[in-house]
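The values are calculated or read from the model by the stated rules, or taken from the named source; none is laboratory data. Please read these numbers as outputs of a predicted model, since none were measured by experiment. Virtual Cβ from ideal backbone geometry, glycine too; neighbours counted across all protein chains shown. Accessible surface is based on the protein model in full, side chains and every heavy atom, while ligands, DNA and RNA are left aside. Shrake-Rupley method; radii C 1.70, N 1.55, O 1.52, S 1.80 Å.
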Number of protein chains: 2
Amino acid sequence: MGLPQREPATDLPERVTIYEVGPRDGLQNEKSVVPAEVKAEFIRRLAAAGLETIETTSFVPPSWVPQLADATEVLADLGDAGLGPRRPVLVPNERGLDNALAAGVGAVAVFGSATETFARKNLNRTVAESIEMFRPVVERAKDSGLWVRAYVSMCFGDPWEGPVPVEQVVDVCQRMMDLGADQLSLGDTIGTGTTGHVSRLLDALDAVGIGSDRIGVHFHDTYGQALANTMTALRHGVCVVDASTGGLGGCPYAKSATGNLATEDLVWALDGAGVQTGVDLTSLVQTSVWMAGHLGRPSPSAVVRALAGSD
Amino acid sequence: MGLPQREPATDLPERVTIYEVGPRDGLQNEKSVVPAEVKAEFIRRLAAAGLETIETTSFVPPSWVPQLADATEVLADLGDAGLGPRRPVLVPNERGLDNALAAGVGAVAVFGSATETFARKNLNRTVAESIEMFRPVVERAKDSGLWVRAYVSMCFGDPWEGPVPVEQVVDVCQRMMDLGADQLSLGDTIGTGTTGHVSRLLDALDAVGIGSDRIGVHFHDTYGQALANTMTALRHGVCVVDASTGGLGGCPYAKSATGNLATEDLVWALDGAGVQTGVDLTSLVQTSVWMAGHLGRPSPSAVVRALAGSD
């Protein structure tokens, strides 16, 4: 199986942490329910391929995300392999945190919005109300010794509001980080962002004291921009990148495509540029092919298609 | 139809020339022959969408590329719109140049290889022999007042030889440019290149006097790297980018995918970053949809899928 020629880039970090979102963000929109044991095996294979940080599942009400109603079962199947500070789970509120704590997790993530419309649609609250909802979640998580991530979605464009002002995004990010989170994840939820926009947002966050060392980036490839935007963020000193193995997270053949950056395409870019990720690309591609078999359709990842074939 | 939010990037050229390769490189591998009048209309629509430089066709022997056997017919249909220095045609040898001159073209391109294996497979010659074959083509073209481009393919990886040493690529590029060509196009024909590699090659070319002002870049998206690599080249001062409207040039769903960078995805990136291209994205997407109708399958361009839908 081919691997990229290594030609080190001088303007990138030496090492990048890939924050793997496939099992949670990737699977959550799949219509046919993936059995808990397949999810657990997916996570084990991802870890075996060298992914150190994997968001495993979500403790949201089953009616919101039926696909992830088996969070407790998945974690039980994983045992210790599903716990610790590198196995975050998404929690929407205090009840979710209670369930996560009961499962023994070592890290949680909350999921906010930079725009009022998406906050209303996704959380049924204003941005301010959602932050107040997260406040006790983050405080109690920190008090319990957990690592905490704060997602902020719609940081670039919003399907209802259009372009999202950078100042508005910075304001929400500050309020989310003021809760006490360890890491911020900047989401380009609809994939419209471009490189100058990425630079401007990172500069603006840096100016208010949220440096690149506390930031992860989460780009969607809906307009083909995810990897270019990611590389721009890395040049700004960001060292955490969200990606989804096989590009799971939205059908690439549909108008509503919201596919995450494929982990394999990211690893190809970083391997080639001499950036360490700890990931074995061959194992990862094999894992994608295995998962694609369970989902019954080929992976949209270019690297998976090129290396494993889908014809 | 959506357009990207404009947030100027400070590290990119003010203006980029898109060298549109869809009608030639994009169509040449299509199995079902596209009628000459459709090709001519495709070129007219591309020009109307604002693409100033369009490679229209190829004067290769019909047995090599049956799809482009109608070069003379396409140019006759286009009339003056198919001529001039911004409407290059590919010519493999002197006979091709004769035909191109007879058609009245104002620009030609020759297509060399950085590797011996591909030179042998594509041109049935060694690299040295192919350069000698191009010598009278370039000389006569320049004597006739034509603009001349020199493609060098396999500049990053080669499917038979593997990684291609930068020094070898630089040597071939020098010999091609020494023939008297006006512009060099660096081809990542199999799409394996990454950003550090792009930087290193451009630096090495600059060191031997082939500056970014004479270089175009031609990336394939086989491994999802085309746009990231292109943006790296632009940061090095390159201002000419090869792209194919709709991502024509290889089936994205097949193992052998060799799709060109989609012009729409490039324009999205550049529009967003405040880089002028002169291209109207909405018109371009409409042109891709129109062409996809003729080809009977959806465009692999992410932007076309997102804006025009394929579901």
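So here's what we get for this one:
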| item | result |
| --- | --- |
| Percent carbon-and-sulfur accessible area, chain A, ignoring ligands, DNA and RNA, probe 1.4 Å | 49 |
| Neighbouring partner chain Cβ atoms per residue of B:194-207, average, 10 Å criterion | 5 |
| Net lengthening on full extension, A:E132/A:S32 (0.36 nm per residue, minus Cα-Cα) | 32.6 nm |
| Probe 1.4 Å, accessible area per residue of the protein assembly as shown, Å² | 35 |
| Along principal axes, Cα extents of segment A:165-299, largest first, whole Å | 45, 35, 28 |
| Point-charge dipole on Cβ atoms (K/R +1, D/E -1) for segment B:17-308, about Cα centre, debye to 20 | 380 |
| Listed peptides B:113-121, B:238-246 by packing density, highest first (mean Cβ within 10 Å) | B:238-246, B:113-121 |
| Charge dipole (debye, nearest 20) of the protein assembly as shown; +1 at Cβ of Lys and Arg, -1 at Cβ of Asp and Glu | 700 |
| Other copies of B:S32: label-to-label distances in nm, shortest first, labels 7 Å along the beta-carbon direction | 3.0 |
| Segment B:17-308: radius of gyration over Cα atoms, expressed as a fraction of 2.2 N^0.38 Å | 0.91 |
| DSSP bridge orientation in chain A - percent antiparallel, rounded to nearest 5 | 10 |
| Lysine pair number, Cα distance threshold 24 Å (strictly under), the protein assembly as shown, separation 8 or more or different chains | 9 |
| Protein accessible surface hidden between B and A, which excludes ligands and nucleic acids, total in Å², probe 1.4 Å | 3500 |
| Kirkwood Rh and Cα Rg combined as Rg/Rh, segment A:1-98 | 1.06 |
| Chain B, closest residue to the rotation axis toward A, by beta-carbon, whole angstrom | B:A228, 2 |
| Label zone at B:R95 (point 7 Å along Cα-to-Cβ), backbone N below 19 Å, segment B:133-174 | B:133-138, B:140-141 |
| HN-Hα J in Hz across segment A:272-281 - Karplus 6.51, -1.76, 1.60, θ = phi - 60°, x for Gly and Pro | x, 7, x, 8, 6, 10, x, 8, 9, 5 |
| Cβ-based net charge around B:A102, under 14 Å, with every Lys or Arg adding one and every Asp or Glu removing one | -1 |
| Vicinal HN-Hα couplings computed from phi for segment A:160-172 (Karplus, 6.51 cos²θ - 1.76 cosθ + 1.60; Hz; Gly/Pro x) | 9, 9, x, x, 9, x, 4, 4, 5, 5, 4, 4, 5 |
| For A:215-226, mean number of other protein chain Cβ atoms within 10 Å | 5 |
| Relative pair counts by distance (%), Cα atoms of the protein assembly as shown, 10 Å bins | 3, 17, 27, 25, 15, 8, 4, 1, 0 |
| Considering only the protein assembly as shown, percent of DSSP beta bridges that pair antiparallel, nearest 5 | 10 |
| Value of D in µm² per second that Stokes-Einstein yields for segment A:45-97, Kirkwood Rh from Cα pairs, at 37 °C (0.692 mPa s) | 282 |
| Average partner coverage of A:3-13, which counts Cβ from other chains inside 10 Å | 6 |
